[in-house]
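Asker: One structure, as structure tokens, below. Some questions next.
Each value in this text was obtained by applying a stated rule to the coordinates, not by laboratory testing. This is a predicted model, so every value here is computed, not measured. FYI the Cβ positions are ideal-geometry reconstructions off the backbone, even for glycines, and counts take in every protein chain you see.
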Amino acid sequence: MNNTTERKIFVIDFDSTITKVEGLDQLAAIALQGSPEGEKTVAEIRKITEKGMSGELSFSEALNQRLTLLKASKNHIEALVGYLKENISESFLRNKAFLEEYSEDILVVSSGFKEFILPVTESLGLKSENVFANTFLFDSEGNITGCDQANPLAQTGGKIKLMQDLKLEAHVSVIGDGFTDYEIKKSGLADRFYAFTENVERSAVTENADFVIKTLDEFLFYNQLPRGQSYPKSMIKVLLLENVHPAAREAFEEQGFDVEFIKGALDEDELIEKIRDVSILGIRSKTNVTKKVLDNAEKLIAIGAFCIGTNQIDLKTATKKGIAVFNAPYSNTRSVAELAIGEMLLLIRKVFPKSNGMHRGEWDKSAINSFEVRGKKIGMIGYGHIGTQLSVIAEAMGMEVYFYDIVDKMPIGNAKKCKSMKEVFEAADVVSLHIDGRKENTNLIGEKEFSQMKDGVIFLNLARGSVVEIPALVNAIKSGKVEGAGVDVFPEEPKTNQDPFVSELQGLSNVILTPHIGGSTEEAQHSIGTYVPERLLQYVNNGSSTGSVNFPEVQLPVLHGSHRLLHIHKNVPGILAKLNNIFAKHNINITGQYLKTAEEVGYVIVDIEKSYSKEMIQEIKALEETIKFRMLF
């Protein structure tokens, strides 16, 4: 091929490339629907198609075998056209503007049939004279009897023969999913072959490709052609850990992101190895995103914590590196509060010791040390989203509520704000922790704190495992200071459900141990699984940082008809002026501009007209204050 000519020709396959399905297979499914042998025949046709596409069977054999099995008419073709128009590949629909603009240089070369191909390609703005495909033969009643055997595309090697006849003087790129598409390149009639895998992936094809592309966006990106996405989402990797809800995975996959899903947590070294090419990371509470991890995350732009807390993430380093962090501050609050209530009731009534005795054949109907919660005092350390929910439920049950929080919080209902933890401990019949895992809270509750509590107190920790000294809690339980305890979180927790759990709390009477399930309800996990991806997708797709725990919050309008520049920089004076000077120098018309700053970083969003130079982009990236720069359109 002539690699120096300026003209570029794009040869594109139809079945399973422009459309999501093989047309002839779908025609068979439509025509044979309801037939006694219909399903069996359709399956056989699809099997033959696959053999032909992967090179196991010559094309002419595959075509003739399928046509022999096919019992269809013109009416069935009309139904197929309607189906195909509803099943055009997403990346082709996204890039209709490219197809229309380059229609003179796009050839559709297919072993399918013009009768169903032309209506689809015309709807995408492609020229009918540039569509090369087979044609059906019909009898007088409109039934398909075969195909035009004089057409080279009806024969084995037909695409090669067609390309030879066309004598294209251009740089030719072939995009397709089948072996016959690769053969064009193999015969020296194309410069590059791109294996298209958005709908189907065949190893015999991908192994021989110059490039494997998941979408048309990738082809356009590689070749710097007009496209519907500034950066192909199929090239953006999302890593989801700790068995986050399937709704999260679905949210990213529906938009075409490359998603890897891992059930367990990863330790530091494992995460360093995995994160090198990751742009979006999703975790829960067991995975620690340390400075060392972030130093190896060159492509990372956002982290989603599928939980309330973010202490497992080095927020300071993430901010310095321009990585936005999002969490789910409200999504599981009700679930945790309900578990706290449930455990409190079971412990204060000593249900578990009674139940265990019954299993051993013991009948103990005694009411000794078994109480109602009505009239009792519950004391909470931490009065955030969960604490306030628990406060409302507890008060509705007739309890008095006391709380202490380092941040000044307005009491809800009749709750009483205390000046210290000691004041809470001295008043409370039930103590419940609802604090985060920051370093200052490590071993916050120890021997001293337990000694300040009432004798026979009920103690709940559904917050963080690191905030309680376990030996001190064990001693308090054994001495009778703590009459019952409910613990959902532990200093060391198994990474997966298959790993063993060991704790000094095991085997103690009237102690409920749960495997960090405070937020593990279907409702909470589904809510988190949808809420966090929504925040991440808004940030990645639109630039909106609403809900970020470490970034200036900016709610942006949907982008229409412009290009959006997202500039994260060190929060020093004069950055906006520098950016505007660059825009003025290059005569760039600004259609919208937004700026928010936080302690260490500033976030500038600029919507500009589509015409701009690469030099302008490089000047923005070269500003010494630049931390991260992205462009959306």
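Asker: What does region 145-249 give for Rg and for Dmax, in Å, if only its C-alpha atoms count?
Answerer: Values for region 145-249 (Cα only, Rg and Dmax): 17.8, 59 Å.
Asker: Please give the contour-minus-distance gain from K71 to K419: 0.36 nm per residue of separation, less the Cα-Cα distance, rounded to one decimal in nm.
Answerer: On the way: separation 348, 0.36 × 348 = 125.28 nm, distance 8.37 nm.
Difference between extended and current length: 116.9 nm.
Asker: Among G142, G375, A305, whose Cα lies farthest out toward the positive end of the dipole of the chain, if unit charges sit on the beta carbon of Lys, Arg (+1) and Asp, Glu (-1)?
Answerer: Highest projection toward the positive end goes to G375.
Asker: Still on this structure: So what does log10 I(q)/I(0) come out to for region 301-375 at q = 0.14, 0.18, 0.26 Å⁻¹, using the Debye formula with one equal point on every Cα and no solvent?
Answerer: -0.65, -0.79, -1.12
Asker: Per residue of region 133-141, in order, report the coupling 6.51 cos²θ - 1.76 cosθ + 1.60 (Karplus, θ = phi - 60°) as ³J(HN,Hα) in whole Hz, putting x for Gly and Pro.
Answerer: Karplus values, whole Hz, x for Gly and Pro: 7, 6, 9, 7, 10, 10, 8, 5, 9.
Asker: Still on this model: Based on Cβ point charges of +1 for Lys and Arg and -1 for Asp and Glu, what charge dipole magnitude is obtained for region 333-520 about its Cα centre, in debye rounded to the nearest 20?
Answerer: On the way: 22 positive and 24 negative charges, 69 e Å.
Dipole size: approximately 340 debye.
Asker: A follow-up question, please. Sum up the charges of everything whose Cβ sits under 15 Å from the Cβ of M397, counting Lys and Arg as +1 and Asp and Glu as -1, but leave M397 out. Show your work: numbers first, answer last.
Answerer: Working: positive: R349, R374, K376, K377; negative: E338, E343, E372, E395, E400, D429.
Value of the local net charge: -2.
Asker: For D105 and L118, compute 0.36 nm times the residue count separating them, minus their Cα-Cα distance, and round to one decimal in nm. Don't skip to the answer; put the middle values down first.
Answerer: Working: separation 13, 0.36 × 13 = 4.68 nm, distance 1.67 nm.
Length difference between fully extended and current span is 3.0 nm.
Asker: While we're on this one: Skipping prolines and chain starts, which residues have an amide H placed within reach, meaning under 5 Å, of the one on V554, given they are 5 or more residues away or on another chain?
Answerer: S545, T546
Asker: Which residues in region 608-625 place their backbone N less than 16 Å from a point set 7 Å from the Cα of K570 along the Cα-to-Cβ direction?
Answerer: Only 621-625 pass the distance filter.
Asker: Roughly how big is region 269-315's charge dipole about its Cα centre, with Cβ charges of +1 (Lys, Arg) and -1 (Asp, Glu), in debye to the nearest 20?
Answerer: Numbers: 7 positive and 7 negative charges, 33 e Å.
The dipole of region 269-315 has a size of about 160 debye.
Asker: When the C-alpha atoms of the chain are aligned to their principal axes, what extent does each axis show, in angstrom, from largest down?
Answerer: 97, 72, 41
Asker: Hey, another quick one. What do you get for the angle between helix 522-542 and the principal long axis of the chain? Use alpha-carbon atoms, 0 to 90 degrees, nearest ten.
Answerer: 50
Asker: Between K51 and K127, what FRET efficiency comes out of the Förster formula 1/(1 + (r/R0)^6) with R0 = 35 Å and r the beta carbon distance, rounded to 0.05? Please list the in-between numbers first.
Answerer: Working: r = 32 Å, r/R0 = 0.92.
Efficiency, from the Cβ-Cβ distance: 0.60.
Asker: How large, in Å, is region 490-570 by the Kirkwood hydrodynamic radius built from its alpha-carbon pairs? Walk me through the intermediate numbers first.
Answerer: Numbers: mean 1/r = 0.0588 Å⁻¹.
Its Kirkwood hydrodynamic radius stands at 17.0 Å.
Asker: Using 1/(1 + (r/R0)^6) with R0 = 41 angstrom and r between the beta carbons of N87 and Q555, what's the FRET efficiency to the nearest 0.05? Don't jump to the answer; show the numbers that get you there.
Answerer: Details: r = 35 Å, r/R0 = 0.87.
Using R0 = 41 Å, I get an efficiency of 0.70.
Asker: Same structure, new question: In deg cm²/dmol, rounded to 500, what helix-only [θ] at 222 nm does the chain give when every DSSP H run of at least 4 residues adds -39500 (n - 2.57) and the total is split over its residues?
Answerer: Values: 24 runs with 227 residues, N = 633.
Taking each H run of at least 4 residues, the total per residue is -10500 deg cm²/dmol.
Asker: Tell me, what HN-Hα J-couplings in whole Hz come from the Karplus equation 6.51 cos²θ - 1.76 cosθ + 1.60 at θ = phi - 60° for each residue of region 276-290, using x for Gly and Pro?
Answerer: Once rounded to whole Hz, the list reads 4, 10, 8, 9, 10, 10, x, 9, 10, 8, 8, 8, 9, 9, 8.
Asker: Still on this structure, please answer the following. Can you give the Rg and Dmax of region 8-222 based on its C-alpha atoms, in angstrom?
Answerer: 16.3, 52
Asker: A further question on this structure: Rg/Rh for region 333-520: what does it come to with C-alpha atoms and Rh from Kirkwood? All intermediate terms of the calculation are to be shown ahead of the outcome.
Answerer: Details: Rg = 15.9 Å, Rh = 16.8 Å.
With Rh from the inverse mean 1/r over Cα pairs, Rg/Rh is 0.95.
Asker: Also, I was wondering about something else. Taking the dipole about the Cα centre of region 8-222, with the C-beta of Lys and Arg at +1 and of Asp and Glu at -1, give me whichever of T17, Q164, V131 is farthest to the positive side.
Answerer: Working it through, the farthest residue towards the positive pole turns out to be Q164.
Asker: Further, regarding this structure: For region 466-488 and region 302-336, write down the distance between their C-alpha centroids in whole Å.
Answerer: Here the two parts' Cα centres lie 29 Å apart.
Asker: Can you tell me the 0 to 90 degree angle between the C-alpha axis of helix 74-85 and the longest principal axis of the chain, rounded to 10?
Answerer: 50
Asker: In whole Å and largest first, what semi-axes does the C-alpha gyration tensor of region 453-599 yield when each eigenvalue is scaled by 5 and square-rooted?
Answerer: Equivalent-ellipsoid dimensions as semi-axes: 52, 18, 13 Å.
Asker: Hey, another quick one. Treating only the Cβ of Lys, Arg, Asp and Glu as charged (+1, +1, -1, -1), what charge dipole size does the chain show about its Cα centre? Round to the nearest 20 debye. Could you put the intermediate results ahead of the total?
Answerer: Details: 71 positive and 87 negative charges, 336 e Å.
So the magnitude is around 1620 debye.
Asker: Helix 333-348: angle to the longest alpha-carbon principal axis of the chain, degrees 0 to 90, nearest 10?
Answerer: 40
Asker: Can I ask one more? Between I517 and K299, how high is the FRET efficiency from 1/(1 + (r/R0)^6) when r is the Cβ-Cβ distance and R₀ = 41 Å? Nearest 0.05. Could you put the intermediate results ahead of the total?
Answerer: Numbers: r = 34 Å, r/R0 = 0.82.
Approximately 0.75, to the nearest 0.05.
Asker: Calculate how large, on average over all directions, the projected area of the Cα convex hull of region 557-632 is; give the answer in nm² to one decimal. Don't skip to the answer; put the middle values down first.
Answerer: Values: hull surface 18.9 nm².
Its average projected convex-hull area is 4.7 nm².
Asker: Note down the nm distance, to one decimal, between modelled labels 7 Å out along Cα→Cβ at Q452 and at E273.
Answerer: With each label point 7 Å from Cα toward Cβ, the separation is 4.6 nm.
Asker: Can you give the local net charge around H586? Use residues other than it whose beta-carbon is closer than 15 angstrom to its beta-carbon, Lys and Arg +1, Asp and Glu -1. Don't skip to the end; give the middle numbers.
Answerer: Values: positive: K578, K585, K610, K614, K621; negative: E609, E615, E619.
Net of charged neighbours comes to +2.
Asker: What percent do you get for the relative contact order of the chain when only Cα pairs under 8 Å and 6+ apart count?
Answerer: Numbers: 1226 pairs, mean separation 60.2, N = 633.
10 percent.
Asker: Pull up all non-local amide H partners of V325: gap of 5 or more, or a different chain, and H-to-H distance under 5 Å with H placed in the peptide plane.
Answerer: Placed amide hydrogens put I303, V549, N550, F551 under 5 Å from V325.
Asker: Report for the chain the percent antiparallel among DSSP-assigned beta bridges with both residues inside it, nearest 5.
Answerer: The antiparallel proportion sits near 30 percent.
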